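Enquirer: Shown below is the structure under consideration.
The values are calculated or read from the model by the stated rules, or taken from the named source; none is laboratory data. As the structure is a computational prediction, the values presented were derived from the model and not from experiment. With ideal geometry, Cβ positions are generated from the backbone for all residues, glycine too; neighbour counts draw on all protein chains shown.
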Amino acid sequence: MTRHPGLRPGLAVIGSVLTFAMLIERAGLIPAVMLTVLIASSGSRDLRVRDALVLAVCVAAAMSLLFVGFLDQPFTLVAGF
Amino acid sequence: MLGLDNLALGFATALTPGNLLACLTGAFIGTLIGVLPGLGPVTTIALLLPFTFSLSPTGAVIMLAGIYYGAQYGGSVTAILINLPGEASSTITCLDGHAMARQGRSGLALSVAAIGSFIGGTVGTVLLAVLAVPLASLAARFEAADYTALMICGLVAGVTTAQGSVLKAIAMMISGVLLGLIGTDATGEARFTLGIPELRDGIGFMPLAIGMFGLAEIIATLTSPDDRPVMWTRVSTSWPEPGETRRVAAASLRGTALGSVLGVLPGGGPTMASFVSYAVERKFARGSRSLGSGAVEGIAGPESANNAAAQTAFVPLLTLGLPSGAVMALLLSALIVHGIQPGPTVIAKEPALFWGLVASMWIGNVMLLVLNLPLVGLWARLVRVPYRLLYPTTLVLSCTGIYALSHSTVDLVMTALFGVLGYLLRTRGFRAGPLLLGVVLSEPIEDNLHRALLFSDGDLTTFVTHPFSAVLLAIAGLMLLSSVLPILRQGRTMLSPEDR
């Protein structure tokens, strides 16, 4: 029997976008991406916390490589550095 | 017409290393997202638009087009192997495709799908090349009134064939047109901006597209009941039975013809083409297996149809500047952003772009055939990536992409808002496709309406006295009538998942 997801997916997805919006300028790309992944992942029925954490780190690394390394976008990676 | 010098120019353009790479990238990404359920060409193209700014306009269009028709190849892989269509246009392939997989003939099914797609795609490309110039010269005689009528006709066609309730689609379309009005009007005055300075340039297209399509789609997938699909990810090779090769060829040709016609029509598209092709094959499928239980026609026909439709869908866009669906609307905005105004003059003003694109489509189809046959094992394994890992990645990519475009967190907030709106509307049967179409056509319609009325000194009968305009408006009126009339008698829904 599957648990009914209710509002959780919607809140997770929207919340993650807003999190990104809040953090990207204040904290930098890497923290923003990591938290966004974590919050987004909470919307899934099959949430496995360890997987989500690993994913957060990997995606953050990939985004940094892609945007700053490859595409030369002016992002601050972590605020203050 | 289809002069040798045009083709020579086309291939010369398409075969440059940069454009070849763009083509390969597009085809690969297209197949990839076609294989992965939950990620579609609309979202992906919306996502990758900002990244194409560093490419030349030709390269950008080549890549984005590759994604679109590439997805028609990839969608059949999951349809056959796990009875889950990667794309809406491969839904019908599930029926006979998965049946064949269960019979141990998955390898053959996949080959038929790839080859059928190739035939459809190649012929569609040829048609695009042949039809483009005559159509464009016809449209060159259009005046402002005719353009207005043409776009209104396009809008009406887009809603009368939309998924679900026609009235809801009309409502979304009108909302889209109204949303498109936000910003600055022809005299430079701010309009509907609520005093927010960021809105002077209008509603951001990216936040709208990604919010209403991407985010809404993700939320919908997460909230829908989960079925554990039966997985046949081991691909077996098998040879066709006697006579099957001929049946595949026949079905492919039928599907290609159908798809080519349906792709050109606004509101038509790969999904509708595949459904219609299946209905046609019902009458033609012969042999030991009837349609639905593993007949090769059930794969060859629809797969050829959806690829042919994906190619000919470019005809109205490139010759008339008229997008025939959500994906084309996105490509239209991509072209505009690169400084190209699609319309009859595009072929004359930018021959390298147009013929290069056409040549690249043919090259792309060859690449896809080569990619798909041997790489099927890879795609089969990829399908097993769990959604809970996939969608956060997509989300982050979307957010970063949007922010990279404008460095404005306001855009991100708007994306979130549109995501909520898009999902709420979707649960009540309002699809985002017509809205997107409305937004994209809003400004051109207004511009042309303005100019038409300027020329006629405010006389509205100009739309009737111009012959093209009169005909187009009559067609639009007929389409509206024929779809609204049944509603007055009874309830009616029409199936066309194209705008997902």
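Enquirer: B:Gly107 - would you say it is within 21 Å of the chain's Cα centre (by Cα) and in contact (Cβ under 8 Å) with a residue 24 or more places away in the chain? Steps first, please.
Expert: On the way: within 21 Å of the chain's Cα centre (by Cα): no; in contact (Cβ under 8 Å) with a residue 24 or more places away in the chain: yes.
No, not satisfied.
Enquirer: Here are some residues: B:Ser252, B:Ser304, B:Ser288. Which one is hydroxyl-bearing (Ser, Thr, Tyr) and modelled with pLDDT under 85? Before the answer, list the steps.
Expert: On the way: B:Ser252 fails: modelled with pLDDT under 85; B:Ser304 fails: modelled with pLDDT under 85.
Answer to the check: B:Ser288.
Enquirer: From B:Gly97, B:Gly86, B:Gly107, grab the single residue that is in a helix (DSSP H, G or I), crowded, with 24+ Cβ neighbours inside 10 Å and not polar (S, T, N, Q).
Expert: Details: B:Gly86 fails: in a helix (DSSP H, G or I); B:Gly107 fails: crowded, with 24+ Cβ neighbours inside 10 Å.
Residue meeting the stated conditions: B:Gly97.
Enquirer: Please work out which one of (1) at the interface with chain B (Cβ under 10 Å from one of its Cβ atoms); (2) modelled with pLDDT of 85 or more; (3) closer than 20 Å to B:Ala404 by Cα is the condition A:Asp51 fails and give its number.
Expert: Condition (3) is where A:Asp51 drops out.
Enquirer: When you check A:Gly6 against the structure, is it at pLDDT 90 or above and at the interface with chain B (Cβ under 9 Å from one of its Cβ atoms), yes or no?
Expert: On the way: at pLDDT 90 or above: no; at the interface with chain B (Cβ under 9 Å from one of its Cβ atoms): yes.
Against the criterion (at pLDDT 90 or above and at the interface with chain B (Cβ under 9 Å from one of its Cβ atoms)), A:Gly6 does not qualify.
Enquirer: Still on this structure: Out of all the residues in the stretch B:27-63, which are more than 14 Å from the chain's Cα centre (by Cα), within 17 Å of B:Leu208 (Cα to Cα) and in a helix (DSSP H, G or I)?
Expert: Of everything in the stretch B:27-63, those that are more than 14 Å from the chain's Cα centre (by Cα), within 17 Å of B:Leu208 (Cα to Cα) and in a helix (DSSP H, G or I) turn out to be B:Leu47, B:Leu48, B:Pro50.
Enquirer: Still on this structure, I have one more. If I filter the stretch A:32-43 down to residues being among the small types (Gly, Ala, Ser), touching a Gly at 6+ places or on another chain (Cβ under 9 Å) and at the interface with chain B (Cβ under 9 Å from one of its Cβ atoms), which single residue comes out as farthest from B:Thr221 (Cα to Cα)? Give the steps one after another, and end with the answer.
Expert: Kept after step one, since they are among the small types (Gly, Ala, Ser), are these residues of the stretch A:32-43: A:32, A:40-43.
Among the residues that remain, those that are also touching a Gly at 6+ places or on another chain (Cβ under 9 Å) are: A:40, A:42-43.
Those left that are additionally at the interface with chain B (Cβ under 9 Å from one of its Cβ atoms): A:40, A:43.
On the way: A:Ala40: 13, A:Gly43: 11 Å.
The qualifying residue farthest from B:Thr221 (Cα to Cα) is A:Ala40.
Enquirer: When you scan the stretch A:45-57, do you find a residue that is under 17 Å from B:Leu417 (Cα atoms) and either in contact (Cβ under 8 Å) with a residue 24 or more places away in the chain or within 9 Å of the chain's Cα centre (by Cα) (or both), even just one?
Expert: no
Enquirer: Residues of the stretch B:16-48 being surrounded by fewer than 20 Cβ atoms within 10 Å (Cβ to Cβ) and β-branched (Val, Ile, Thr), which ones?
Expert: B:Thr16, B:Thr25
Enquirer: Still on this structure, please answer the following. So, in the stretch A:13-31, of the ones that are more than 8 Å from chain B (Cβ to nearest Cβ) and assigned to a helix (DSSP H, G or I), which residue ends up farthest from the chain's Cα centre (by Cα)? It would help to see each step written out before you state the result.
Expert: Initially, the stretch A:13-31 is screened for residues more than 8 Å from chain B (Cβ to nearest Cβ), giving A:15, A:19, A:23, A:26-28, A:30-31.
Checking the rest, the ones that are also assigned to a helix (DSSP H, G or I) come to A:15, A:19, A:23, A:26, A:30-31.
On the way: A:Gly15: 10, A:Thr19: 8, A:Leu23: 10, A:Arg26: 15, A:Ile30: 9, A:Pro31: 8 Å.
My answer is A:Arg26.
Enquirer: Would you list the helices (runs of 4 or more DSSP H) that sit entirely within the stretch B:143-216 and hold 3 or more residues that are surrounded by fewer than 20 Cβ atoms within 10 Å (Cβ to Cβ)? Don't jump to the end; show me each part of the working.
Expert: Numbers: elements: B:144-160, B:166-180, B:205-209.
Once the helices (runs of 4 or more DSSP H) in the stretch B:143-216 are filtered for at least 3 residues that are surrounded by fewer than 20 Cβ atoms within 10 Å (Cβ to Cβ), what remains is B:166-180.
Enquirer: Before we move on, is A:Val54 in a helix (DSSP H, G or I) and over 23 Å from B:Thr223 (Cβ atoms)?
Expert: Values: in a helix (DSSP H, G or I): yes; over 23 Å from B:Thr223 (Cβ atoms): yes.
Spelling it out, A:Val54 is indeed in a helix (DSSP H, G or I) and over 23 Å from B:Thr223 (Cβ atoms).
Enquirer: Quickly run through the stretch B:81-95 and pick out the residues that are more than 19 Å from the chain's Cα centre (by Cα) and either modelled with pLDDT of 85 or more or more than 14 Å from B:Gly292 (Cα to Cα) (or both). Give the steps one after another, and end with the answer.
Expert: Of the stretch B:81-95, the ones more than 19 Å from the chain's Cα centre (by Cα) are B:81-84, B:94-95.
B:Leu81, B:Ile82, B:Leu84 - these are the residues of the stretch B:81-95 that are more than 19 Å from the chain's Cα centre (by Cα) and either modelled with pLDDT of 85 or more or more than 14 Å from B:Gly292 (Cα to Cα) (or both).
Enquirer: Out of the residues in the stretch B:58-77 meeting the condition of being under 19 Å from B:Cys94 (Cβ atoms) and in contact with an Asp or Glu (Cβ under 9 Å, 6 or more places away or on another chain), tell me which one is surrounded by the fewest Cβ atoms within 10 Å (Cβ to Cβ).
Expert: In the first step, residues of the stretch B:58-77 are kept if they are under 19 Å from B:Cys94 (Cβ atoms); the result is B:71-77.
Narrowing further to those that are in contact with an Asp or Glu (Cβ under 9 Å, 6 or more places away or on another chain): B:71-76.
Numbers: B:Ala71: 33, B:Gln72: 34, B:Tyr73: 33, B:Gly74: 30, B:Gly75: 36, B:Ser76: 34.
The qualifying residue surrounded by the fewest Cβ atoms within 10 Å (Cβ to Cβ) is B:Gly74.
Enquirer: Tell me yes or no: at least one residue of the stretch B:26-43 is among the hydroxyl-bearing types (Ser, Thr, Tyr) and free of Cβ contacts under 8 Å to residues at least 60 places away in the same chain.
Expert: First pass over the stretch B:26-43, keeping only residues among the hydroxyl-bearing types (Ser, Thr, Tyr): B:31, B:43.
Restricting the remaining residues to those that are free of Cβ contacts under 8 Å to residues at least 60 places away in the same chain gives none.
There is no residue in the stretch B:26-43 that is among the hydroxyl-bearing types (Ser, Thr, Tyr) and free of Cβ contacts under 8 Å to residues at least 60 places away in the same chain.
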